[in-house]
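For reference, the structure is listed below as structure tokens.
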Amino acid sequence: MATQLGFYFDQTRCNGCKACQVACKDKHDLPVGVTWRRVAEHGGGSWQSDGDTFSPSVFATYMSTACNHCERPVCAEVCPTTAMHQRDDGVVAVDDDLCVGCRYCEWACPYSAPQYNAELGSMTKCDLCTDYREEGLEPACVAGCPSRALDWGPIDELRERYGDVDAIEPLPDPAITEPRLVITPHRDAQMTGSGTGTIKNPLEV
């Protein structure tokens with residue numbers, strides 16, 4: 001099997017600047033409403049009481065996510081024309097000649113990775129900047145991060161180097177698609193399914 005590629009995200013380094021999001025959008029010249037990489041602001045908390053004294057116990061973290069080029073890409077499974085497909089290197093991509101814009105992939109993906117471009121009449125998504133990688137360059141989001149919170153490469157190497165965490169709030173259960181994603185969680189991160197926070201910028205993600 002060919003080397004399977006994936007992403008790494010160090011949540012401890014992310015300050016929510018969204019430079020990765022801007023770099024991706026600029027590189028691919030994406031229209032308003034289409035954003036392949038998104039940064040979710042996740043937070044919550046409550047008050048703790050000690051007698052008559054109340055103290056806040058709050059948290060806020062950021063989660064940068066794009067397509068995770070999953071082991072089991074449900075987007076490709078539901079595509080009726082095989083336009084959504086997985087390459088030998090694990091990258092999930094769209095064949096523009098086959099896509100009819102039915103949006104089944106968009107509805108199936110728990111990460112909202114495939115996005116409909118009304119100007120093209122078809123689905124679009126992150127392809128891990130295939131053209132940049134062929135030139136020996138890093139994906140735009142990775143290169144654009146000022147705090148070096150993002151990395152990419154063979155997923156086996158990323159897991160060996162950084163661990164195997166891939167399920168923190170607000171991400172969905174990884175069992176759905178088996179994402180090729182590794183995360184170094186923030187100290188306040190909560191595991192998927194056990195979180196008490198909410199997404200604070202829902203219109204952006």
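No value in this document is a laboratory result; all are computed from the given coordinates. Because the structure is predicted, anything quoted here is derived from the model rather than measured. Because the Cβ atoms are built from the backbone with ideal geometry, glycine has one as well, and the counts that use them run over all protein chains shown.
Charged neighbours of GLY153, selected by a Cβ distance under 12 Å, balance to -2 (K, R count +1; D, E count -1). Note on VAL32 and ALA143: with the Förster distance fixed at 22 Å, the Cβ-Cβ geometry gives a FRET efficiency of about 0.40.
A Förster distance of 25 Å, applied to the separation of the beta-carbon atoms of SER194 and GLN48, puts the FRET efficiency at 0.85.
Along the axis of the charge dipole computed for region 126-205 (Cβ charges of +1 for Lys and Arg, -1 for Asp and Glu, origin at the Cα centre), the listed residues CYS141, ALA189, GLY163 are led at the positive end by ALA189. If the chain linking ALA118 and ASP89 were pulled fully straight, counting 0.36 nm for each residue of separation and taking away their Cα-Cα distance, it would gain 7.6 nm. For region 128-205, the Stokes-Einstein estimate of translational diffusion at 10 °C and a viscosity of 1.306 mPa s comes to 110 µm²/s, using the Kirkwood hydrodynamic radius over alpha-carbon pairs.
If the viscosity is 1.002 mPa s and the temperature 20 °C, what translational diffusion coefficient in µm²/s does Stokes-Einstein give for region 73-153 when Rh comes from Kirkwood over Cα pairs? Once the numbers are plugged in, D ends up at 157 µm²/s. Please state, rounded to one decimal and in Å, the Kirkwood hydrodynamic radius that region 1-80 gives when every pair of distinct Cα atoms enters the mean of 1/r. Mean inverse Cα-Cα distance, inverted, gives 16.2 Å.
The chain gives an Rg/Rh value of 1.00, both radii derived from C-alpha positions and Rh following Kirkwood. The distance between label points at VAL78 and ASN15 comes to 3.8 nm (points 7 Å beyond Cα on the Cα→Cβ vector).
Bridging of LYS27 to lysines at a Cα separation below 16 Å is possible for LYS18, LYS125, once same-chain residues fewer than 8 apart are set aside.
Of all DSSP-defined beta bridges confined to the chain, some 85% are antiparallel rather than parallel. Summary: within the chain, the longest segment free of trypsin sites (Lys or Arg not before Pro) located in DSSP loops with at most 11 other C-beta atoms within 10 Å is 1-147.
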